[in-house]
Amino acid sequence: MDNLALKIREKISELQDEFERGVEGRRLKFRYTLEQGKVVFEQSVIMRHRLLRIKLLRFLGESKIGAVITSPVIYSLIIPISMLDLFVTVFQHVCFRIYRIPLVKRSDYVVMDRKYLEYLNLIQKVNCIYCEYSNGVIAYVREVAGRTEQFWCPIKHARKVKNMHDRYYDFIEYGDSEDFPRKVHEQREKCRACEMPCDESND
């Protein structure tokens with residue numbers, strides 16, 4: 001990895017660590033804890049949240065007609081997203097095991113915890129569940145795809161690409177043909193060792 005790529009990765013890691021350090025402070029502020037993966041609010045907070053919940057009839061009455069009309073289109077995506085989730089999970093469990101690539105831990109990406117928010121009504125909770133599932137699956141698929149790309153084709157692009165996965169910064173430079181097989185082999189070993197931001201544990 002060249003110096004610039006290394007600095008970028010270190011900066012990203014520092015910012016992520018800084019964000020995570022603030023999590024405990026936010027838990028104290030909003031008075032909740034995590035118990036065996038479940039979010040638990042203090043009872044007084046739960047009561048307050050329930051008082052703030054917008055009733056369903058009022059919520060529906062205040063909804064714009066555009067939201068009602070577009071909802072079937074929005075929710076129709078659950079079919080291809082669910083299929084993508086299934087196919088990618090099968091893909092990694094078959095192919096990653098054969099090529100000795102560590103499995104991506106799906107539960108690290110698909111996090112479903114907004115259902116514990118009592119100030120959301122039923123429709124809002126359904127909306128949140130849909131969004132967190134969809135975005136979680138996309139993040140999960142992105143990591144599976146990133147490991148796949150690192151293993152089979154770890155070459156940077158000639159053009160600027162927005163928002164690439166973390167592994168990309170360590171890829172082989174575009175047009176660098178010198179000792180290419182060795183460099184690909186090194187990338188594969190890094191992928192197998194999870195040297196980039198991989199999860200060491202498997203599903």
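Conditions (1) in contact with a strand residue (DSSP E or B) (Cβ under 8 Å, 6 or more places away or on another chain); (2) at pLDDT below 95; (3) closer than 20 Å to Leu84 by Cβ, marked per residue:
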{"position": "Val137", "(1), (2), (3)": "no, no, yes"}
{"position": "Arg159", "(1), (2), (3)": "no, yes, no"}
{"position": "Cys191", "(1), (2), (3)": "no, yes, no"}
{"position": "Asp203", "(1), (2), (3)": "no, yes, yes"}
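The residues in segment 122-164 that are outside any helix (DSSP H, G or I) and crowded, with 17+ Cβ neighbours inside 10 Å can be counted, and the count is 3. Cys153 meets the conditions (1) within 26 Å of Tyr174 (Cα to Cα); (2) modelled with pLDDT under 95; (3) not charged (D, E, K, R) in every case but one. The failed one is (2).
Is it true that Lys125 is charged (D, E, K, R) and within 30 Å of Arg31 (Cα to Cα)? So Lys125 passes the test. Looking across segment 110-152, the residues that are under 19 Å from Cys191 (Cα atoms) and of a type outside the set (A, V, I, L, M, F, W, C) come down to Tyr140, Arg142, Glu143, Gly146, Arg147, Thr148, Glu149, Gln150.
Here is a yes/no grid of residues against (1) at pLDDT 80 or above; (2) in a helix (DSSP H, G or I):
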| position | (1), (2) |
| --- | --- |
| Ile8 | no, yes |
| Phe19 | no, yes |
| Lys29 | yes, yes |
| Val40 | yes, no |
| Met47 | yes, yes |
| Ile79 | yes, yes |
| Ser82 | yes, yes |
| Val94 | yes, yes |
| Leu103 | yes, no |
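When segment 170-183 is filtered for residues that are surrounded by fewer than 17 Cβ atoms within 10 Å (Cβ to Cβ) and under 28 Å from the mean Cα position of the chain (by Cα), the ones remaining, listed by number, are Glu173, Tyr174. Just name the residue that is surrounded by the most Cβ atoms within 10 Å (Cβ to Cβ) out of those in segment 52-72 that are within 13 Å of Gln124 (Cα to Cα) and of a type in the set (Lys, Arg). Here the residue is Arg53.
The values are calculated or read from the model by the stated rules, or taken from the named source; none is laboratory data. No experiment lies behind these values; they were computed from the predicted model shown. No Cβ is skipped: glycine too gets one built from the backbone with ideal geometry, and neighbour counts run over all protein chains shown.
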